[in-house]
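What follows is calculated from the coordinates using simple rules that are stated; it is not laboratory data. Remember, it's a predicted structure, so these values are computed and weren't measured experimentally. Reconstructed Cβ throughout: ideal geometry from the backbone, glycine too, with neighbour counts over all protein chains shown.
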């Protein structure tokens, strides 16, 4: 698949979900997300993956969600990694905790380069166990996620450090539910993101991201569109380098 075709896929999915929104009942809101990611390379093949996020709605006025996740990745090739992990998430309504989720997952990550442009594709399968705090009945469903991110370097931030640069990431991620608990929500959500990236060095980057999130609800034919300001901080460590130093 060429770079032009990949861009066409992203634009096509974005137009589909916007066109769909015009034919349905859609409510609108805004959220603010802060998320920290860490990738710690343990050796040539194994990487420890962790992230944590807190989410607010309506200009930080109301708590929305907390999530913490950890996993272990194995690099089959330099551009191909498989991983497993587990996430804990809590959800809030009017600043009151009303539901928690336990979420194991498995994923495949593929990276390809076209000259200086990087294409990241990820497929993730999640097993979602919900435990509403006011309801003793647990619920469960599978969720499948496909993410496509195109990363384009724009200019260097430093003449002396080649790893310090400004990039632009554009991508889309679609979420699909399966299971008897979600008969009217096979489509879970879609995220279209535009993310300027300030890569300070090879280990640290900051990304003030715009995320247009289109989400199904428990009411058939009713959807929620959310404009998200998403501040992402990515931190990489390489323990394998320190082990090779004598």
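Set the Förster radius R0 to 51 Å, insert the Cβ-Cβ distance between residue 24 and residue 45 as r into 1/(1 + (r/R0)^6), and round the FRET efficiency to 0.05.
0.65
Averaged over every viewing direction, what's the projected area of the C-alpha convex hull for the stretch 26-153? Give it in nm², one decimal, please.
The number I arrive at for the stretch 26-153 is 10.1 nm².
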Discussion item. Run the simple label-point estimate for residue 227 and residue 70 please: 7 Å along Cα→C-beta, distance reported in nm.
Written reply: 3.8
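How big is the equivalent ellipsoid of the stretch 131-246 along its three axes, where each semi-axis is √(5λ) from the Cα gyration tensor, reported in whole Å from largest to smallest? Kindly include the intermediate steps, with their values, before the conclusion.
On the way: eigenvalues 285, 80, 28 Å².
The answer is 38, 20, 12 Å, longest axis first.
At R0 = 22 Å, how high is the FRET efficiency between residue 121 and residue 168 if r is their beta carbon distance? Nearest 0.05 is fine. If you can, show how the numbers build up before the last one.
Working: r = 18 Å, r/R0 = 0.81.
The calculated FRET efficiency here is 0.80.
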Practice prompt. Please tell me the relative contact order of the chain in percent, rounded to the nearest whole number, where contacts are Cα pairs under 8 Å and at least six residues apart.
Written response: 18
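Hey, with R₀ at 35 Å, roughly what FRET efficiency would residue 155 and residue 110 work out to, going by the Cβ-Cβ distance, to 0.05? Walk me through the intermediate numbers first.
Numbers: r = 27 Å, r/R0 = 0.77.
It comes to 0.80.
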